[in-house]
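The values are calculated or read from the model by the stated rules, or taken from the named source; none is laboratory data. Computed from a predicted model, the values in this text were never measured in an experiment. Ideal geometry is used to build each Cβ from the backbone, glycine not excepted, and the neighbour counts take in all protein chains shown.
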Amino acid sequence: MAWRNIWRNPTRSWVVIGAIALGIWAAIAMTGFATGMMKSYISNAITHVVAHIQIHDPAFLEDKEVKYVLKDLPEVANVVAAQPGIKAVSTRTVVSAMLASSQGVRGIQTKGVVPEQEALVSLLDTKIVEGEFLSEAGKNPMLISRDLAEKLKLKLRSKVVLTFQDEHAEIVSAAFRVVGIYDTGNNPFDLANVFIRANDLNQLLLGAAADSLGYPIAHEMAILLDETNQVNSIATDLQKKLPHTKVQTYREVSPDLELYESQMKTISMVYLTIIMLALIFGIINTMLMAVLERFRELGMLMAIGMNKLRVFLMIVLEALLLGIVGAPLGIMLGAATIAYLKKYGLDMSMYAESLSNYGMSSIIYFDVDPAVYQQVAVAVVFTAVLASLYPAFKAIRLKPVEALGK
């Protein structure tokens, strides 16, 4: 009877079913978009900024001083190389410096890297937009970002001067030449980092005199893994094997990444709650109109012996059937949208500059946790039942004699 009742006015029923389907589609699509943006930020940060795991001397994390290098670097490198699940490793010498050109001066973080290692971890060689990646040829080559080049009016072959403190806290200055300009799409990172060869930087840090730190030196070891879900277990293993170092996952190095990851688990519930609350009023309106139009009919049913519980359940079931018809349509539409945009992405090139300021790519690839579809199904059932309660109570408050007299 409930099924036949909802098709008495098919136009009105299809409007409600369409609203439910579109609401579900919107919730899934918005969740996919938000998740895609967050994953873009996290992926870019892991690739270009923090890697999956970083290893430092504990004191370096507090003071960032040149003298706090990784002790027993060859031993650390051997332990890391023997650890399963590691895709690539880059050892870096990191100093804070002043970068001066004829057009200005800027504080910068200078990273001395082994070019072939860095290319595997940060894929920096694929981000070169002008010139070439670091090589063994030439004297004191440097990579700078396109954003920094614009700020300081630099171009290929421009000469710059780096000034920083060596291991003895003495001021050291050296001339470098721009051989390549890169663009990772992450403006904050690009404006804050330049890359030179580790050998060039280490020689300047250690000076001509015999050093007390040993050679080679590095302040940071960045590790890229085969699978992101292994990051905690591998970091724990490395920390046990290297107790004199500090092993950190990307979540510890950059807590905002952990925040974004946790948000991905709840954002679908936020969108679902907002949209389902809007749908409640549509379902209430439809069911209430149906009840008001059928006063005489409902009065007749109660007069011939249909009890109030059955009338109540009939109204609730009508609303539930509307949701059951609309939910699969919305889920299928949402799943198709996510599948397409997960493969091809949504081109946001017109907002590329704004997105890059937040470390996001200009193409957003939608993604949704499979659990979202289960959440949608549960939310629709709950919403339909909740929205039907008022019309159902309205129906059972009818008095058969009064209803038949109308």
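Only residues that are modelled with pLDDT under 90 and either in a helix (DSSP H, G or I) or under 30 Å from Tyr351 (Cβ atoms) (or both) were counted across segment 54-74, and they come to 5.
Highlighted here are the helices (runs of 4 or more DSSP H) found entirely within segment 270-374 that include at least 1 residues which are at pLDDT 75 or above, under 22 Å from Ser388 (Cβ atoms) and not acidic (Asp, Glu): 308-344. Within segment 329-376, the set of residues being buried (at least 19 other Cβ atoms within 10 Å of the Cβ), among the small types (Gly, Ala, Ser) and within 16 Å of the chain's Cα centre (by Cα) comprises Ser356, Gly359, Ser361.
Residue under question is Lys240, and the condition is that it be among the basic types (Lys, Arg), loosely packed, with under 14 Cβ neighbours inside 10 Å and either over 24 Å from Lys71 (Cα atoms) or modelled with pLDDT under 85 (or both); does it hold? No.
Of the residues that sit in segment 85-113 and are surrounded by fewer than 19 Cβ atoms within 10 Å (Cβ to Cβ) and among the β-branched types (Val, Ile, Thr), which one is nearest to Ser43 (Cα to Cα)? Step by step, filter segment 85-113, then rank; the result is Ile86. One residue stands out in segment 9-19 among those that are modelled with pLDDT under 85 and surrounded by 12 or more Cβ atoms within 10 Å (Cβ to Cβ): the one that is nearest to the chain's Cα centre (by Cα), namely Ala19.
When you scan segment 129-147, do you find a residue that is without any contact (Cβ under 8 Å) to a residue 40 or more places away in the chain and closer than 14 Å to Asp183 by Cα, even just one? No, segment 129-147 contains no residue that is without any contact (Cβ under 8 Å) to a residue 40 or more places away in the chain and closer than 14 Å to Asp183 by Cα. Looking at Gln117, Gln103, Gln83, which is the one that is of a type in the set (S, T, N, Q) and either under 23 Å from Lys153 (Cα atoms) or in contact with a Phe, Trp or Tyr (Cβ under 7 Å, 6 or more places away or on another chain) (or both)? Among Gln117, Gln103, Gln83, only Gln103 is of a type in the set (S, T, N, Q) and either under 23 Å from Lys153 (Cα atoms) or in contact with a Phe, Trp or Tyr (Cβ under 7 Å, 6 or more places away or on another chain) (or both). Checking the structure you have, find out if any residue of segment 126-141 is assigned to a strand (DSSP E or B) and surrounded by 21 or more Cβ atoms within 10 Å (Cβ to Cβ). For segment 126-141, residues assigned to a strand (DSSP E or B) and surrounded by 21 or more Cβ atoms within 10 Å (Cβ to Cβ): present. Of everything in segment 225-267 that is of a type in the set (A, V, I, L, M, F, W, C) and not in a helix (DSSP H, G or I), the residue that is nearest to Met37 (Cα to Cα) is Leu225. Selection of segment 233-242 for residues being out of contact with any strand residue (DSSP E or B) (no Cβ under 6 Å at 6 or more places or on another chain) and within 10 Å of Ile53 (Cβ to Cβ) yields only Ile234. Annotation note: of Ala51, Ala81, the sole residue that is small (Gly, Ala, Ser), modelled with pLDDT of 90 or more and buried (at least 19 other Cβ atoms within 10 Å of the Cβ) is Ala51.
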